[in-house]
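Here, each number is a calculation from the coordinates, and none is a lab measurement. Note that the structure is predicted; figures quoted are calculated from it, not measured. Positions of Cβ are backbone-derived with ideal geometry, glycine not excepted, and every protein chain shown enters the neighbour counts.
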Amino acid sequence: MSSLEIWATIVGLTAVTVGTRSFFLVLGDHVPLPERVQHALRYAPACALVALIAPEVLMVKGGGLVAWNDPKLIAAAVAVGAMLATRSMLATMAIGMAAFTALRLWG
Amino acid sequence: MPQLVFGRDAAVARTRRAAFRDGLRAVLPATVATGPWGLVTGVAMVKVGLTPWEALGMTLLVFAGSAQLAALPLIAASAPVWVILLAATVVNLRFVIFSAGLYPYFKRFPLPKRLLLGYLTSDVGFAISLQRWTAQERNDPAAARGSTEQVWFFLGIAAGNWLAWQSMSIVGIFVGAQVPGSWGLDYAAILALVALTVPMVASRPALVGAATSGVVAVAAAGFPLKLGLVAAVLAGIAAAMAADIAGERLRGRA
């Protein structure tokens, strides 16, 4: 790609980002949002996060499921347990990464 | 300088500053996820062949990790600009859903400020803010949406997130490929997301929705243009709503 095309892409991507992120902030006045939809949106954040996480934890690069004893899978399970026990994000990360590193080096 | 940011009215400025600080504090743990992502994206931009200036321009202007990462292989393949923009739009579709969730809180602002608030919306910022605001509404159903406190909390999150993302992304651009993949730093990002998700699935409908979303995301991982992500979010929301309605019926009968 030429430098001009790359800069056009960058400007275009900026417009796409502003457009999608403020879509209903701009159109909300003209597109009424039913209470039911607003209620449904409460579940959106957790669903979006799990949709980002699940393929990373459960799949190997290039497709296919990981083995039951994969360090990523076990570390994620340890992290869930740590979060339930400590309610601290940083403690969860520390315990999870310690498990991940230990399993990769000696697992 | 503080006057410039928080305004001249002392009482209002105090509220704004306290809420801004709360936001910064709330986003701090999540920057552990944002930072490595920024680093990886910074490295990836340079590896694809962007000059440092182009990479800097991209991170400072676009400010959208997943859209940037989606665009890079297409840039490397010299795809037409419109194809790249379409792919980025689809990857960003979740933000359209987020904007609908944020609308009740930001609708009192004029258009330019709404565009700015939209631009500053991140996955993490949306999740933390809406989580806190809906909890506030459960405690006080009569509270008005979009209070000064709520908006400045959001801005505090946005500021912390922006700084963490940009600084690490710029480090990534200049340190480039010298970060060894063997550090496993990228997995810290995923574990941070796990920690962020656990408190959000405290109710049965949320758990059903999250599980459904995860299964669909894995099953649809091969979909082109990251459409699997959109399918997963939609399926998850639908399942959560179904569980919600089923739960209401059961309670009604009991």
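Residues of the stretch B:231-254 with amide nitrogen under 16 Å from the 7 Å Cα-to-Cβ point of A:Val37? Answer for the stretch B:231-254: B:234, B:237-238. Which of B:Ile190, B:Ile170, B:Ile157 ends up with the largest GNM mean-square fluctuation for chain B, with Cα atoms connected below 10 Å? Comparing B:Ile190, B:Ile170, B:Ile157 in the GNM, the peak value goes to B:Ile190.
Putting +1 on Lys and Arg Cβ atoms and -1 on Asp and Glu Cβ atoms, find which of B:Leu72, B:Phe6, B:Val43 reaches farthest to the positive end of the dipole of the protein assembly as shown. Positive-end residue among those listed: B:Phe6.
Computed from Cα atoms alone, the Kirkwood hydrodynamic radius reported for the stretch B:104-254 is 18.5 Å.
Farthest towards the positive end of the charge dipole of chain B, among the residues B:Val194, B:Val27, B:Ser213, is the Cα of B:Val27, using unit charges on the Cβ of Lys, Arg, Asp and Glu.
The mean count of C-beta atoms from other chains within 10 Å of the C-beta of residues in A:62-72, rounded to a whole number, is 1.
So what's chain B giving for Rg/Rh, alpha carbon basis, Kirkwood Rh from the mean inverse pair distance?
Values: Rg = 19.9 Å, Rh = 20.1 Å.
Ratio of gyration radius to Kirkwood radius for chain B: 0.99.
Just so you know, the Rg over Rh for chain A is 1.14, from Cα atoms, with Rh as the Kirkwood radius. Counting alpha carbon pairs within less than 8 Å and at least 6 residues apart, what relative contact order, in whole percent, applies to the stretch B:80-223? Contact order relative to length: 21 percent. Packing around the peptides A:42-50, B:109-117, B:213-221, taken as the average count of other Cβ atoms within 10 Å per residue, puts them in this order, highest first: A:42-50, B:213-221, B:109-117. Dividing the Cα radius of gyration of the stretch B:73-123 by 2.2 N^0.38 Å, with N the residue count, gives 1.46.
Given R₀ = 35 Å, what would the calculated FRET efficiency be for A:Ser3 paired with A:Arg104, taking r from the Cβ atoms and rounding to 0.05?
Working: r = 41 Å, r/R0 = 1.17.
After rounding, the FRET efficiency stands at 0.30.
Counted residue by residue at 0.36 nm each, then reduced by the alpha carbon distance between them, the extension gain from B:Thr51 to B:Trp82 reaches 9.0 nm. At q = 0.12, 0.18, 0.19 Å⁻¹, what is the base-10 log of I(q)/I(0) for the stretch B:1-114 according to the Debye formula with one equal point scatterer per Cα and no solvent? Please give it to two decimals. Debye output, listed in q order: -0.65, -1.10, -1.14. Here is the tail figure for the stretch B:96-162: Cα pairs spaced more than 13 Å apart come to 62 percent of all pairs. Counting only other chain Cβ atoms within 10 Å of each residue's Cβ, the peptide B:206-213 averages 5. Hey, got the dipole for the stretch B:102-150? About the Cα centre, +1 on K and R Cβ, -1 on D and E Cβ, debye to the nearest 20? Its charge dipole is roughly 200 debye.
Using only atoms on other chains, find how many Cβ atoms lie within 10 Å of each Cβ of peptide B:86-98 and report the average.
Values: counts 1, 2, 7, 7, 2, 2, 7, 2, 8, 10, 7, 10, 9.
The per-residue average across the peptide is 6.
Taking every alpha-carbon pair under 8 Å whose residues sit at least 6 apart, chain A reaches a relative contact order of 15 percent. In the protein assembly as shown, the convex hull through the Cα atoms has an average projected area of 20.1 nm², a quarter of its surface area.
Could you give the DSSP H helices of chain B that reach 18 angstrom or more along their long axis (alpha carbon positions) and whose average Kyte-Doolittle hydropathy is no lower than 1.0?
Values: long enough: B:10-47 (50 Å, 0.50); B:93-106 (20 Å, 1.19); B:123-139 (24 Å, -0.61); B:148-175 (40 Å, 1.04); B:185-197 (19 Å, 1.97); B:204-219 (22 Å, 1.32); B:227-253 (39 Å, 1.06).
Membrane-span-like by this criterion, though nothing is claimed about a membrane: B:93-106, B:148-175, B:185-197, B:204-219, B:227-253.
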